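First the structure, in the form of structure tokens, and then the observations on it.
The values are calculated or read from the model by the stated rules, or taken from the named source; none is laboratory data. Since this is a predicted model, take the numbers as computed values, not measurements. Cβ atoms come from the backbone with ideal geometry, glycine included; neighbour counts cover every protein chain shown.
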Amino acid sequence: MKTFNKDIPYNDLPLLPPKADLETTKILKKVITSSRILSQLNGAITNLPNPQLFLDTIHLQEAKASSEIENIITTNDNLYQSIVANKKIENSATKEVISYKEALWYGLEQLEEKPFITTNLCVEIMQRIKQNSSNIRTTPGTTLSNVDGEVIYTPPSGEQIIRDKLENLENFINIESNLDPLITMALMHYQFEAIHPFSDGNGRTGRILLLLYLKMAKLLDIPAIYLSEYIITNKAQYYTNLRLVTENENWEDWIIYMLDMVESTAKKGLERLEEILSLMEKMSGQIKEKLPKIHSKELIEILFRLPYTKRQHLIDAKFGTPKTVGNYLIALEENGFLKSIKLGKEKLYLNHNLMAILEK
Ligand SMILES: Nc1ncnc2c1ncn2[C@@H]1O[C@H](COP(=O)(O)OP(=O)(O)O)[C@@H](O)[C@H]1O
Ligand SMILES: [Mg+2]
């Protein structure tokens, strides 16, 4: 019996696990290829001399794309300048992207202490993204519409119903099952979005959960993956596949979509990592040659932690007095390694070659 009606709160949303066949040949084949590349990415990152080095940048890229899916749009320059500069952030989209990144870090930190994804954690993440104190929806009226404004889905309504479904989801995620963790992750994301527990922030919270889950399931020790890059370029399919699970119990296409997201972003992540590492090596060699007194491994790392840097970063890393490090940066700019911009009273230095790789 079909109980779904797009205009009526879907209180009959089935609990997890679904009754469908979740281990079709097509799915299992994709599990193999996506897991393989994911573990390559994991190895490449954990084997880096400093595995945390690129994490801020990767998470800011993720925050930017995940927010962009919700039409919260900023530029890389504005985002990184806001992170690095002392100046107050005026752009509201940039602020929201930075809140997203902080919410992600909060989630990862919580996971270190308690390796569970709970309803409470989801609420705390959403509150950090939204910078408010709202909670699970209590009033009816939340609907999802397509670009033409037509209602396509009405999520469950009633606080207790929502909480019960979240509890089922929580148990499903945290209790060992026979399913491959990547399949579990795909089911989790659909279910979270279908429950749609909040009046806003569901998409972003749900995508943060993906990274938390990869860490929790020990698929990535350091969740340095930029999953939303896939969704932003395959956005129509994202919405269609979510809808088709609800309307037709079409789990296969949804799971394949999520596995393809993992596979293709892990692959891109590996390629980008290679590119950045080889740029680092090249720049290091050139700086050593042209500015041997300035060169050090630590300096190169500072120039690659974020695409922008400033004097204070070098002072904090004990490179010398403001005057000394100021001269370092000037020399680096004169030799074409960095480009400076003035932002209020501050001068920021852009590693433009690194930015070019990020913007590819
Ligand atoms: N048909 C659908 N069924 C369930 N969830 C959907 C559907 N279409 C879109 N979504 C999810 O809803 C999210 C948008 O919800 P919203 O609360 O506005 O999130 P945010 O505020 O983070 O943008 C989308 O990113 C997507 O994950
Ligand atoms: Mg929204």
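So the values come out like this:
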| quantity | calculated |
| --- | --- |
| Filtered residue count, region 254-290, keeping only those that are under 22 Å from Ser66 (Cα atoms) and buried (at least 16 other Cβ atoms within 10 Å of the Cβ) | 19 |
| Cross-chain or 6+ apart pairs with Cβ under 6 Å, region 129-144 first and closer than 29 Å to Leu60 by Cβ, then of a type in the set (Phe, Trp, Tyr) | Ile129/Tyr100; Leu144/Tyr153 |
| Flag if Ile183 is modelled with pLDDT of 95 or more, surrounded by 23 or more Cβ atoms within 10 Å (Cβ to Cβ) and assigned to a helix (DSSP H, G or I) | no |
| All positions within region 142-160 that are surrounded by fewer than 16 Cβ atoms within 10 Å (Cβ to Cβ) and more than 13 Å from ligand 1 (Cβ to nearest atom) | Asp148, Gly149, Gly158, Glu159, Gln160 |
| Leu210 being of a type outside the set (S, T, N, Q) and crowded, with 23+ Cβ neighbours inside 10 Å | yes |
| Residue among Pro307, Pro292 that is away from ligand 1 (no atom under 16 Å from the Cβ), of a type outside the set (Val, Ile, Thr) and either under 19 Å from Leu104 (Cβ atoms) or under 25 Å from the mean Cα position of the chain (by Cα) (or both) | Pro307 |
| Among residues of region 56-93, those that are without any contact (Cβ under 8 Å) to a residue 24 or more places away in the chain and within 16 Å of ligand 1 (Cβ to nearest atom), counted | 4 |
| When residues of region 70-94 are limited to those that are assigned to a helix (DSSP H, G or I) and aliphatic (A, V, I, L, M), the one nearest to ligand 2 (Cβ to nearest atom) | Ala93 |
| Arg163 vs. criteria part of a helix (DSSP H, G or I), away from ligand 2 (no atom under 16 Å from the Cβ) and farther than 23 Å from Trp251 by Cβ | yes |
| Criterion (part of a helix (DSSP H, G or I), more than 29 Å from the chain's Cα centre (by Cα), among the basic types (Lys, Arg) and farther than 15 Å from Asp77 by Cα) met by exactly one of Lys318, Lys323 | Lys323 |
